[in-house]
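The values are calculated or read from the model by the stated rules, or taken from the named source; none is laboratory data. All of these numbers come straight from a predicted model, not from anything done at the bench. Here the Cβ positions follow ideal geometry from the backbone for every residue, glycine too, while neighbour counts run over all protein chains shown. What goes into the accessible areas is simple: the full protein's heavy atoms, side chains included, and nothing from ligands, DNA or RNA. Shrake-Rupley method; radii C 1.70, N 1.55, O 1.52, S 1.80 Å.
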Amino acid sequence: MIFLNEEQTATLISNELAYHAVKDAFIAAVSDKATLFPVVNAAGPMPGSTFSLKSACTESIVGWKTGSYWPQNIALGRPCHGTTIFLLDSDNGSLKAIVEASQVNAFRTAAADAVAVDYLARRDASSLAVFGTGHQAEYEVMAVSEVRDIDTVLVVGRSIEKTEALIDKLRKKGVSAKSSDAKTACENADMIITATTSGTALFQAEWVQPGTHISAMGADKKGKQELPTELYLNAALFCDFESQSVEIGEFQHAKNASITDIGRILNGMHSGRISSTDITIFDSSGIAIQDLFIANKLINLFEA
């Protein structure tokens, strides 16, 4: 049995590895050889603590990912989020690998955004608005900067201190960033990323300009919402996996809408963006097959 600890996986992971793992996972998710099972979300024993289980199966990769959120860890100086991936031997069902993947999970989430931007945003898209200043926001910006030449990042946050801290981190990595209000950010962005835990829309639909791509990364439980539902009427909607997206993702609020799995763009079955004036929306609720594929790639790299 293979065991990779957090230190090992944090050393092995990169935006490039995550991008290719997630892209392959999206394609596999829409094939007839893959099964994705319903997500289990549960409450932990501490106030506000939660954990989840996401599982999937393909012909060669079988397993599940557990994720945890323990907000009390802040006071202890420990990370609030934790991720561990378990792989089974597809031939006999024995435990093949345990992969600690908390930092990997941040790369994986951001890679889904990068794939969506790569295939749905305009090729000349260069201005980016990011809503949210938490742990994930930095990863999102850096992953997207791998697939588009970004000249400006507009950061929208509730906390001045956290907004300035994120801007400082991005500038140290060579990214031009500045703070913005929501309306100005939407009106001046070619691409919008939402990476929050919000339960209500973060901006108004009329602020979004024709040709904008939006990646909604935050909704992964019932009740979460980042986008205004009015936006769906004049936008092309895409997601990581439709049945999960409409259950716990952003599109739980898109009633009777036409939604396309992004894997159908990647395998050539759907055209994606049609014109430069299309508004495209990608919802990422996070699917297990992404975690299994990225864990498999990390194991292969470790053993190489």
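Any residue that is farther than 13 Å from G132 by Cα, open to solvent by 50 Å² or more (accessible area, probe 1.4 Å) and among the acidic types (D, E) - is there at least one of those in the stretch 169-183?
No, every residue in the stretch 169-183 fails to be farther than 13 Å from G132 by Cα, open to solvent by 50 Å² or more (accessible area, probe 1.4 Å) and among the acidic types (D, E).
If I filter the stretch 276-304 down to residues being of a type in the set (G, A, S) and out of contact with any Pro (no Cβ under 9 Å at 6 or more places or on another chain), which single residue comes out as most open to solvent (accessible area, probe 1.4 Å)?
Of the residues in the stretch 276-304, the ones of a type in the set (G, A, S) are 276, 284-286, 288, 295, 304.
Now restrict to residues that are out of contact with any Pro (no Cβ under 9 Å at 6 or more places or on another chain): 284-286, 288, 295, 304.
Values: S284: 5, S285: 6, G286: 4, A288: 4, A295: 0, A304: 110 Å².
So, considering only residues that are of a type in the set (G, A, S) and out of contact with any Pro (no Cβ under 9 Å at 6 or more places or on another chain), the one most open to solvent (accessible area, probe 1.4 Å) is A304.
For T9, which of the numbered conditions (1) touching a Phe, Trp or Tyr at 6+ places or on another chain (Cβ under 7 Å); (2) surrounded by 13 or more Cβ atoms within 10 Å (Cβ to Cβ); (3) not acidic (D, E) fails to hold?
In the conditions (1) touching a Phe, Trp or Tyr at 6+ places or on another chain (Cβ under 7 Å); (2) surrounded by 13 or more Cβ atoms within 10 Å (Cβ to Cβ); (3) not acidic (D, E), T9 misses (1) alone.
Mind counting the residues in the stretch 56-78 that are of a type in the set (V, I, T), open to solvent by less than 70 Å² (accessible area, probe 1.4 Å) and without any contact (Cβ under 8 Å) to a residue 24 or more places away in the chain?
Step one: filter the stretch 56-78 for residues of a type in the set (V, I, T), giving 58, 61-62, 66, 74.
This time we only want the ones that are open to solvent by less than 70 Å² (accessible area, probe 1.4 Å), so: 58, 61-62, 66.
This time we only want the ones that are without any contact (Cβ under 8 Å) to a residue 24 or more places away in the chain, so: 66.
Selection size over the stretch 56-78: 1.
What's the number of the condition L227 fails, among (1) open to solvent by less than 10 Å² (accessible area, probe 1.4 Å); (2) more than 27 Å from F107 (Cβ to Cβ); (3) not hydroxyl-bearing (S, T, Y)?
Tallying (1) open to solvent by less than 10 Å² (accessible area, probe 1.4 Å); (2) more than 27 Å from F107 (Cβ to Cβ); (3) not hydroxyl-bearing (S, T, Y), L227 fails exactly one: (2).
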